[in-house]
1. How many of the residues making up the stretch 95-107 are more than 10 Å from the chain's Cα centre (by Cα) and either part of a strand (DSSP E or B) or surrounded by fewer than 21 Cβ atoms within 10 Å (Cβ to Cβ) (or both)?
2. Assess whether GLY114 counts as being surrounded by fewer than 22 Cβ atoms within 10 Å (Cβ to Cβ), in a loop (DSSP other than H, G, I, E, B) and not assigned by TED's automatic domain parsing to the domain that holds SER160.
3. Kindly provide the set of residues from the stretch 139-155 that are surrounded by 22 or more Cβ atoms within 10 Å (Cβ to Cβ) and not in a loop (DSSP other than H, G, I, E, B), ordered by number.
4. For ARG148, work out the one condition from (1) within 25 Å of PRO50 (Cβ to Cβ); (2) of a type in the set (Lys, Arg); (3) without any contact (Cβ under 8 Å) to a residue 24 or more places away in the chain it doesn't fulfil.
5. Determine the pairs where a residue that is not assigned by TED's automatic domain parsing to the domain that holds GLY102, located within the stretch 65-88, has a partner that is assigned to a strand (DSSP E or B) with Cβ atoms under 6 Å apart, the partner being 6 or more residues away or on another chain.
6. Do we find a residue being touching a Lys or Arg at 6+ places or on another chain (Cβ under 9 Å), modelled with pLDDT of 75 or more and closer than 21 Å to ASP144 by Cβ anywhere in the stretch 200-208?
7. Quick one: count up the residues across the stretch 108-120 that are in contact (Cβ under 8 Å) with a residue 24 or more places away in the chain and either touching a Phe, Trp or Tyr at 6+ places or on another chain (Cβ under 8 Å) or over 15 Å from ASP78 (Cβ atoms) (or both).
8. Considering the stretch 121-133 alone, what residues qualify as being touching a Phe, Trp or Tyr at 6+ places or on another chain (Cβ under 6 Å) and outside any strand (DSSP E or B)?
Amino acid sequence: MDFRRRYVALALPGGICLALFLGLRADSAAPVPRSVTVAEGTNLGVTVSPDRKRIILDLQTALWLLPASGGTAKRITDSSLEASHPDWSSKGDLVAFQSFHGGTFHIWVMKPDGTGRRQLTDGHGDDREPRFSPDGTRVAFSSDRSLRGSYDIWVVDVASGKLTQWTSGSEDEYDPSWSPDGNEIAYVSGTGALATSIAAMRAGGEPKQQRALATVLMQNATWKAGEFESSWKSPVDKMALSNSVSRTKEREKIGSGQKTEIWLLR
């Protein structure tokens, strides 16, 4: 039986437009474009330019560039890259992101306008969650490329592609965040989505010493296991922990009127 394809156009805020292709029989009526306005997304990754004037976000397997003040969004990657988790360098010249191009997550960089795309990591490892170092010369990421059955923190040099394994714990270590001086990386530590610890480790030296920063007890129903992230604030040794559910539309109400909590460690 002969089938043809039709599409439904989705118009999003900021000028974003998506197309969904549907299979139709050849004798079906002529396709009629329909618009759907979408006001929310789930697990969107967002990064802000150093001058605070532009935003890059991931939505529906692509990265989009738009003014921080609002306006028309410009698509800067195609769907074949399946790009997500963008991170803008402090210099403003490059954006790192994870891509599922080829069937495995790897770390890429590009210019903020989407040109000059370059793959930084390859091989069997599942490389995710890129974070630029403060000086913009390195990218930290989580990966299972050591083949030990867990994720570790790795660092890749942007210019040379040289890889350095930063952590090697028996538990998963992921969601890296650099200290302002670039000498230490904080990360979530634990077993998959049940991770409850925030730790940090400095580069170099043997044996490497992991420094515990916090343990989040799940007895407080405001928190959901594994759904928090770490981000350094200046000065060093000050850190904010926020429930990543606040970045999604799935804001489940746990208790009456409870909201996402922000914790500050000194």
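1. Restricting attention to the stretch 95-107, the residues satisfying the condition of being more than 10 Å from the chain's Cα centre (by Cα) are 95, 99-107.
Then drop every residue that is not either part of a strand (DSSP E or B) or surrounded by fewer than 21 Cβ atoms within 10 Å (Cβ to Cβ) (or both), which leaves 95, 99-104, 106-107.
Selection size over the stretch 95-107: 9.
2. Values: surrounded by fewer than 22 Cβ atoms within 10 Å (Cβ to Cβ): yes; in a loop (DSSP other than H, G, I, E, B): yes; not assigned by TED's automatic domain parsing to the domain that holds SER160: yes.
Yes, satisfied.
3. Here is the first cut: in the stretch 139-155, the ones surrounded by 22 or more Cβ atoms within 10 Å (Cβ to Cβ) are 139-143, 151-154.
Result: VAL139, ALA140, PHE141, SER142, SER143, ASP152, ILE153, TRP154.
4. Every condition holds for ARG148 apart from (1).
5. No pair meets every condition.
6. Within the stretch 200-208, the subset touching a Lys or Arg at 6+ places or on another chain (Cβ under 9 Å) is 200-202, 208.
Imposing the further condition that a residue be modelled with pLDDT of 75 or more reduces the set to 200-202.
Going one step further and asking which of them are closer than 21 Å to ASP144 by Cβ, we end up with 200-201.
Yes: the stretch 200-208 contains one or more residues that are touching a Lys or Arg at 6+ places or on another chain (Cβ under 9 Å), modelled with pLDDT of 75 or more and closer than 21 Å to ASP144 by Cβ.
7. Of the residues in the stretch 108-120, the ones in contact (Cβ under 8 Å) with a residue 24 or more places away in the chain are 108-110, 112-114, 117, 120.
Within this subset, residues satisfying the condition of being either touching a Phe, Trp or Tyr at 6+ places or on another chain (Cβ under 8 Å) or over 15 Å from ASP78 (Cβ atoms) (or both) are 108-110, 112, 117, 120.
Residues flagged as in contact (Cβ under 8 Å) with a residue 24 or more places away in the chain and either touching a Phe, Trp or Tyr at 6+ places or on another chain (Cβ under 8 Å) or over 15 Å from ASP78 (Cβ atoms) (or both) within the stretch 108-120 amount to 6.
8. ASP126, SER133
The values are calculated or read from the model by the stated rules, or taken from the named source; none is laboratory data. All of these numbers come straight from a predicted model, not from anything done at the bench. Virtual Cβ from ideal backbone geometry, glycine too; neighbours counted across all protein chains shown.
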